[in-house]
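Down below is the structure, laid out as structure tokens.
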Amino acid sequence: MCFARFNLYVLSWTYLLRSDFAPYRALEIVCVGVFLAWFSYLVSYIPTWPLRVLYVLTANAASAILHIQITLSHFAMSTESPDPEHECFCARQVRTTMDVICPRWFDWFHGGLQFQIEHHLFPRLPRHKLVRVQPMVKDLCRRHGMEFKEFSFIDGNVYTIRWLGHVASRVKTYNCRERLHDQAVASIVS
């Protein structure tokens, strides 16, 4: 995860330059370009190239915990709705995110992002107040028969890795079916 930010840079440029759907392509290219120019300008004040490289690597690696937290909170839950016509906003937020259990003294490490369900339900609520809302959200979920997912940091990582493995196997199966379909069509056509 120390290099996740570099992956985001590559994905951003790939999306902007190759995607068929980028409604604000020009604006986004300008904004990403301005950021790159600004960051490069600031880094240019670091006296030597080895220190510049070290700074860029360290600055991007420091965001690793944020990437882990976002991955835990967002990628471990299915986004497929069992009933898209009737599922309400609150139910979707509870179903598609999870909280990370940590001791109160360790909240600083997650910066409030461990309360992801509450954050999705109340996005404008300051992060330091999300802890107060959690018991109310748990009670609401219990009363309406919704599962409130929360894991320890380690268990959350294990759950996420297993879920991503499950998704990868589904994608692999889908890609195999697509290839078989394409081969069948090609054999009929020729």
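The values are calculated or read from the model by the stated rules, or taken from the named source; none is laboratory data. Everything numeric in this text was worked out from a predicted model, so none of it was measured. Here the Cβ positions follow ideal geometry from the backbone for every residue, glycine too, while neighbour counts run over all protein chains shown. Ligands, DNA and RNA are stripped out before the accessible areas are found, and what is left, the full protein with its side chains, is counted by its heavy atoms. Shrake-Rupley method; radii C 1.70, N 1.55, O 1.52, S 1.80 Å.
Suppose a student asked you for the relative contact order of the range 1-133, using Cα pairs under 8 Å spaced at least 6 residues apart; what percent would you report?
22
When 1/r is averaged over all different Cα pairs and the result inverted, which Kirkwood radius in Å belongs to the chain?
In the chain this quantity evaluates to 20.2 Å.
Leaving ligands, DNA and RNA out of it, report the carbon-plus-sulfur percent of the accessible area of the range 1-114 at a 1.4 Å probe.
Whole-percent figure for carbon plus sulfur exposure: 73.
Karplus couplings for the range 119-130 from phi (6.51 cos²θ - 1.76 cosθ + 1.60, θ = phi - 60°), rounded to Hz, Gly and Pro as x?
Karplus values, whole Hz, x for Gly and Pro: 4, 5, 6, 10, x, 9, 6, x, 4, 6, 9, 4.
Mind checking which aspartates and glutamates have their Cα closer than 17 Å to the Cα of residue 172? Skip sequence neighbours fewer than 8 apart in that chain.
List returned: 182.
Which value in deg cm²/dmol, rounded to the nearest 500, describes the helix-derived mean residue ellipticity at 222 nm for the chain, given -39,500 (n - 2.57) per DSSP H run of n ≥ 4 and division by the residue count?
The per-residue figure over the chain is -22000 deg cm²/dmol.
Which of the lysines could a cross-linker bridge to residue 138, judged by Cα under 27 Å and excluding same-chain residues fewer than eight apart?
129, 149
Express the accessible area of the range 4-76 per residue in Å², computed with a 1.4 Å probe while the remaining protein chains stay in the model.
Value returned for the range 4-76: 69 Å² of accessible area per residue.
Please find the FRET efficiency linking residue 31 to residue 184, where r is the Cβ-Cβ separation and R0 is fixed at 35 Å, and quote it to the nearest 0.05.
0.20
If you wrap the range 1-103's Cα atoms in a convex hull and average its projection over all directions, what's the area in nm²?
10.2
Sort the range 85-125 into rounded, prolate or oblate with this rule: let a ≥ b ≥ c be the square roots of the eigenvalues of the Cα gyration tensor; rounded if a/c is under 1.5, and if a/c is not under 1.5, prolate when a/b is larger than b/c, oblate otherwise.
Taking the square roots of the gyration eigenvalues as a ≥ b ≥ c, the range 85-125 is prolate.
For the range 109-190, report the accessible area per residue in Å² (1.4 Å probe, heavy atoms, rounded to an integer).
Dividing the accessible area of the range 109-190 by its residue count gives 72 Å².
Determine the shape class of the range 80-174: with a ≥ b ≥ c the square roots of the Cα gyration tensor eigenvalues, call it rounded for a/c under 1.5, and otherwise prolate if a/b is greater than b/c, oblate otherwise.
Here the range 80-174 falls in the oblate category.
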